[in-house]
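**Student:** Pasting a structure here, questions to come.
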């Protein structure tokens, strides 16, 4: 039986290209999503074998989406597509439950191999990604810590996308007071006290595109 794939990327042309590639390789693309929230909903509904998710997506980035996908569909394996090869990104991905970490700069065959590897239960990293982080993960050694909670990551991303506190509250289904409280905690934890600084931090973390 063909492996069932869900693609999540906000660029339609990119999704079409990846879909064509995967179908040529014998995979079945059951669904496509353009943002992290939709990806979670579709994963819960379709329970695909593998979700291929872009890191930088609107409303909810691929990293936080991957964490939720693991929760709503435990048998589904997630692969993160990104331009970032630095250790902190890889560490955060592994901590979020990502099983494959694929660099967009690599050949298309890299993604095909990643899907086959994670589908059989392995962890896959693109060539060029440091092995030290995955070794630390597999041996349960300490990994770099992230100061923000998953919810704070979501709030930070929405702030960086230009959403007001009221809009953040509406999108997350919380009160305005709670959204403002999250914002203040983020600023305190990061020691960043203006919106422009939060935007720069979110870009460096790969949560939003420049």
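The values are calculated or read from the model by the stated rules, or taken from the named source; none is laboratory data. Predicted, not measured: the structure shown is a model, and the values here were computed from it. Methodologically, a virtual Cβ is constructed for each residue, glycine included, from the backbone with ideal geometry; neighbour enumeration extends over all protein chains shown.
**Student:** Considering each residue of the stretch 173-199, count those that are closer than 13 Å to residue 158 by Cα and surrounded by 14 or more Cβ atoms within 10 Å (Cβ to Cβ), and give that number.
**Tutor:** 7
For every residue, the table says whether it meets (1) closer than 29 Å to residue 162 by Cβ; (2) surrounded by 18 or more Cβ atoms within 10 Å (Cβ to Cβ).
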| position | (1), (2) |
| --- | --- |
| 6 | yes, yes |
| 15 | yes, yes |
| 24 | no, no |
| 77 | no, yes |
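**Student:** Among the candidates 86, 109, single out the residue that is within 28 Å of residue 162 (Cβ to Cβ) and surrounded by fewer than 24 Cβ atoms within 10 Å (Cβ to Cβ).
**Tutor:** Only one candidate passes the filter, namely 86.
Table: residues versus (1) assigned to a loop (DSSP other than H, G, I, E, B); (2) over 19 Å from residue 4 (Cβ atoms).
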site	(1), (2)
48	yes, no
69	no, no
85	yes, yes
122	yes, no
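**Student:** Tell me, yes or no, whether the stretch 74-81 has at least one residue that is in a helix (DSSP H, G or I) and free of Cβ contacts under 8 Å to residues at least 60 places away in the same chain.
**Tutor:** no
**Student:** How many residues are without any contact (Cβ under 8 Å) to a residue 60 or more places away in the chain and not in a helix (DSSP H, G or I) when one looks only at the stretch 9-31?
**Tutor:** Total satisfying the criteria: 7.
**Student:** Would you point out which residue out of 118, 102, 98 is closer than 22 Å to residue 78 by Cβ, part of a loop (DSSP other than H, G, I, E, B), at pLDDT 90 or above and touching a strand residue (DSSP E or B) at 6+ places or on another chain (Cβ under 6 Å)?
**Tutor:** Going through 118, 102, 98 in turn, just one is closer than 22 Å to residue 78 by Cβ, part of a loop (DSSP other than H, G, I, E, B), at pLDDT 90 or above and touching a strand residue (DSSP E or B) at 6+ places or on another chain (Cβ under 6 Å): 98.
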